[in-house]
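Report on one structure; see the data block that follows.
The values are calculated or read from the model by the stated rules, or taken from the named source; none is laboratory data. No experiment lies behind these values; they were computed from the predicted model shown. Reconstructed Cβ throughout: ideal geometry from the backbone, glycine too, with neighbour counts over all protein chains shown.
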């Protein structure tokens with residue numbers, strides 16, 4: 001029995017070594033973000049403005065299979081395209097427009113339409129490590145007989161946020177949807193767009209909350225791991241997570257109601273610093289005040305809530321069911337956090353928390369590693 005227990009312990013140790021090695025190899029990667037498609041409807045045309053990663057599409061990388069470009073065997077093509085000046089990239093897009101447009105499917109009353117290119121704008125990005133956005137505008141002629149349309153893109157183009165733009169409508173009347181890779185929108189009425197049903201809206205924001213932590217929220221995952229490493233005892237851990245949850249709920253609601261302005265260039269670096277602090281304090285925790293730690297985590301929770309609000313801002317929050325959608329998103333975040341803590345308990349807490357070597361093998365090395373990753377993120381986000 002002791003032999004098998006030892007084998008289990010060794011396998012778990014190797015798993016976490018591999019996990020953090022994988023993270024370290026992914027640090028320089030370019031995370032693949034959803035594209036954003038804004039559409040507007042008038043009497044004569046259906047117009048689209050799509051903000052996307054043109055280099056990703058031109059390189060041929062399949063965005064449905066990976067989370068960042070460095071994990072693709074075509075990453076060298078992506079890197080070469082990233083080095084192109086804006087004008088050269090624009091010319092490359094124009095020469096490949098026929099191929100690109102054939103992978104964007106807009107069905108008007110069931111028939112796939114030809115996309116009439118209007119303009120291409122490359123957003124200047126001085127930092128090579130940060131994704132360069134491209135805005136493509138095109139339109140489709142309409143006549144009085146047309147009643148509805150649907151939107152989708154090739155699965156390899158990745159996920160996309162679909163939003164309606166119309167100054168003559170209230171915010172709660174505007175259509176918004178999040179489409180996973182290869183998914184098609186429901187039929188959208190050209191005369192009056194219809195918001196999602198309440199149950200569909202609840203499910204949509206629930207999964208958005210989960211996805212923002214697992215697998216897309218590596219920074220939030222490391223923060224939760226840092227909380228666990230401080231103390232894997234149930235009471236202190238629950239207190240920390242509760243403080244964090246209450247705090248990020250407060251700022252998520254306030255920011256979503258537009259009561260405060262959220263600046264990503266300030267919030268994102270500060271989130272990275274919060275992870276640095278958690279990791280460093282874990283290493284020197286015998287000199288720290290536990291009560292002060294709870295207050296600090298509460299402040300960090302307020303900060304992370306602003307980060308969650310940025311996600312909802314990109315997606316386009318459905319204000320017709322505002323309270324329900326915020327609750328649903330928050331539940332999704334909590335499900336993901338609880339899953340991470342449960343997994344950590346089953347792998348580390350259950351087997352190693354009472355071992356003499358726990359601090360030397362797990363707590364200090366993992367906390368140091370988390371801090372180093374977060375320092376890298378901080379520098380990357382302020383450049």
Looking for something at pLDDT 90 or above, crowded, with 17+ Cβ neighbours inside 10 Å, farther than 24 Å from residue 348 by Cα and not assigned by TED's automatic domain parsing to the domain that holds residue 175 - is there at least one such residue anywhere in the stretch 223-236? no
Of the residues that make up the stretch 308-318, is at least one closer than 26 Å to residue 33 by Cβ, in a helix (DSSP H, G or I), touching a strand residue (DSSP E or B) at 6+ places or on another chain (Cβ under 7 Å) and not assigned by TED's automatic domain parsing to the domain that holds residue 52? yes
Being assigned to a loop (DSSP other than H, G, I, E, B), in the same structural domain as residue 280 (by TED's automatic domain parsing) and over 17 Å from residue 336 (Cβ atoms): is that true of residue 181 here? no
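Suppose we filter 350, 372, 326 for residues that are buried (at least 19 other Cβ atoms within 10 Å of the Cβ) and in a helix (DSSP H, G or I); which single one remains? Working first, answer last.
Details: 350 fails: buried (at least 19 other Cβ atoms within 10 Å of the Cβ); 372 fails: buried (at least 19 other Cβ atoms within 10 Å of the Cβ).
Of the residues listed, the single one that is buried (at least 19 other Cβ atoms within 10 Å of the Cβ) and in a helix (DSSP H, G or I) is 326.
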Look through 134, 176 and report the one residue that is touching a helix residue (DSSP H, G or I) at 6+ places or on another chain (Cβ under 6 Å) and either surrounded by 13 or more Cβ atoms within 10 Å (Cβ to Cβ) or modelled with pLDDT of 85 or more (or both). 134
Taking only the stretch 144-161 into account, find how many residues are outside any loop (DSSP other than H, G, I, E, B) and out of contact with any helix residue (DSSP H, G or I) (no Cβ under 9 Å at 6 or more places or on another chain). 8
Inspect all residues belonging to the stretch 56-68 and state whether any of them is surrounded by 17 or more Cβ atoms within 10 Å (Cβ to Cβ), touching a residue at least 60 places away in the same chain (Cβ under 8 Å) and not in a loop (DSSP other than H, G, I, E, B). yes
Residue 320: passes all of (1) over 22 Å from the mean Cα position of the chain (by Cα); (2) more than 25 Å from residue 254 (Cα to Cα); (3) at pLDDT below 85 but (2)
Test: residue in the stretch 249-261 that is outside any loop (DSSP other than H, G, I, E, B), at pLDDT 90 or above and within 26 Å of residue 369 (Cβ to Cβ): no
Do we find that residue 75 is under 21 Å from residue 158 (Cα atoms) and crowded, with 17+ Cβ neighbours inside 10 Å in this structure? yes
Verdict on residue 104 being within 20 Å of residue 47 (Cα to Cα) and either in contact (Cβ under 8 Å) with a residue 40 or more places away in the chain or surrounded by fewer than 16 Cβ atoms within 10 Å (Cβ to Cβ) (or both): yes
Filter the stretch 137-158 for residues that are touching a residue at least 60 places away in the same chain (Cβ under 8 Å) and within 17 Å of residue 59 (Cα to Cα) and give the result. 153, 155, 156, 157, 158
Across (1) crowded, with 16+ Cβ neighbours inside 10 Å; (2) at pLDDT below 85, residue 166 clears everything bar (1)
Just to be sure before I move on: is residue 265 in contact with a helix residue (DSSP H, G or I) (Cβ under 9 Å, 6 or more places away or on another chain) and crowded, with 16+ Cβ neighbours inside 10 Å in the structure I sent? no
Has the stretch 339-350 got at least one residue that is modelled with pLDDT under 85 and in contact with a helix residue (DSSP H, G or I) (Cβ under 8 Å, 6 or more places away or on another chain)? yes
